[in-house]
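Every number in this text was worked out from the coordinates using simple rules, so none of it is lab data. Predicted model, so just to flag it, every value in this text is computed and none were measured. Reconstructed Cβ throughout: ideal geometry from the backbone, glycine too, with neighbour counts over all protein chains shown.
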Amino acid sequence: MTDKTRAVSPRPEGRPAVSAGQTDGGSAVSGTGTGEGWNAPKTLMEKASLRPLPTGAANDGAGAERSKSKLPRILSVISRHQLSPHMLRVTLGGEGLRNFPESQEGAHVKLLIPEPEIDPAGFLSQIEQGQRPVMRTYTIRHHRPDLREIDIDFALHGHEPGEEVGLKAGPESGPESGPEINSQVGQKIEGSGGPASNWAQRAIPGDFIGLFGPGPKKMTFLTADWFLLAADMTAIPAAAAALEEIPRDAVGTAVFEITSEEDRQEIDAPEGIDIHWLVNPSPEKPSREQSRFIRSIRWRPGRPSIFVAGEASVVKELRVHLLQERGIPREDSYVSAYWKIGVNEDTHQKIKRATAE
Ligand SMILES: Cc1cc2nc3c(=O)[nH]c(=O)nc-3n(C[C@H](O)[C@H](O)[C@H](O)COP(=O)(O)OP(=O)(O)OC[C@H]3O[C@@H](n4cnc5c(N)ncnc54)[C@H](O)[C@@H]3O)c2cc1C
């Protein structure tokens, strides 16, 4: 495991929050100042947190349309944890996870990113009136139903221009650490951020976010003769969850493209899975590393289960190789473009729908 660094800033005055009283169980939120903060009409909150949503509500792309008029669950930020230089774990939870289906590791959700100054009441009310906040797709890396918590791992791909974000070692941010957490601000990650990546870098305990879903898990062919997984940092959460779910005597190969050597993670994969890490310091540029690697591996006998997800051009090339050249049946594979160089998720989803990518 790499050096675990983390930092959060103290909550700025007046920053809207979900108060500790709005979570329950073991999920009290620290950093919310006086614990006041939010006085949303109970009916709206009840509608948002108690209403079970259809599992199809967050399907890639089309789910955005279907979920437009529904209210999302409102989750609070429990903690933020720098897993590695380019991967940030945000633990979300609270009352909003009531009635959430169990064992959702590897399932995707839609995160609805609030504007910095809005409070949960205003946020829900805007959605009720038909306005749609920025929505992005992420994967549940861990799920602790007993604590009403999920972990979302954000691949960091930039920051807001001119903004410094805390990324250097500091005290743990979480329920125990209180509001005086860390004032260290640190290195900048250069490049163009997006609303989700920027939100994660700014998130502090007590912040809130909207959530639709979950959608279905990704790798479903779990009785294969062997497994082949290829993922970049955005798809490591889904691939890792799959590797932790397949039989412990499974064999195969997993290749992960990461931004730096230090972005390697510990994954509780079966011993028979060979894990390879490829370092690409410029994920914003097209890469052929995974394709080269997969073309070079020893092809095992029997029927493989395939998981491929990441940047669109990489996925396209691997789809051609695996499904067309190798003849892997579609039903034995999960192949999905998670993002596309140069366009945001909304545009990418439109392109995917238009081309049935
Ligand atoms: C089913 C599914 C599950 C996903 N799970 C996860 C997950 O668990 N963790 C995760 O980090 N991502 C995940 N993603 C990918 C994530 O939704 C996209 O990376 C998304 O574009 C990030 O939103 P944003 O607001 O930060 O950037 P956007 O506003 O969408 O994009 C802004 C700019 O950043 C670029 N960009 C976006 N992502 C990256 C990147 N990773 N590296 C470099 N440049 C980038 C875009 O090309 C664009 O130019 C998942 C996607 C899908 C479809």
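How would you rank 266, 105, going from fewest to most other Cβ atoms within 10 Å of each one's own Cβ?
Taking fewest neighbouring Cβ atoms as first place, the list is 266, 105.
Modelled label-to-label distance, residue 147 and residue 300, 7 Å Cα→beta-carbon offset: nm?
Distance between the two pseudo-spin positions: 3.3 nm.
Sorting 220, 91, 253, 139 on the 10 Å Cβ count, fewest up front, what's the list?
So the residues, fewest neighbours to most, are 220, 253, 91, 139.
What list do you get for 334, 138 if you sort them by fewest beta carbons within 10 Å?
Placing the least packed residue first, the sequence is 334, 138.
Hey, which of these cross-link pairs are over 21 Å Cα-Cα: 110/218; 70/352; 316/350; 218/352; 70/340?
70/352; 70/340
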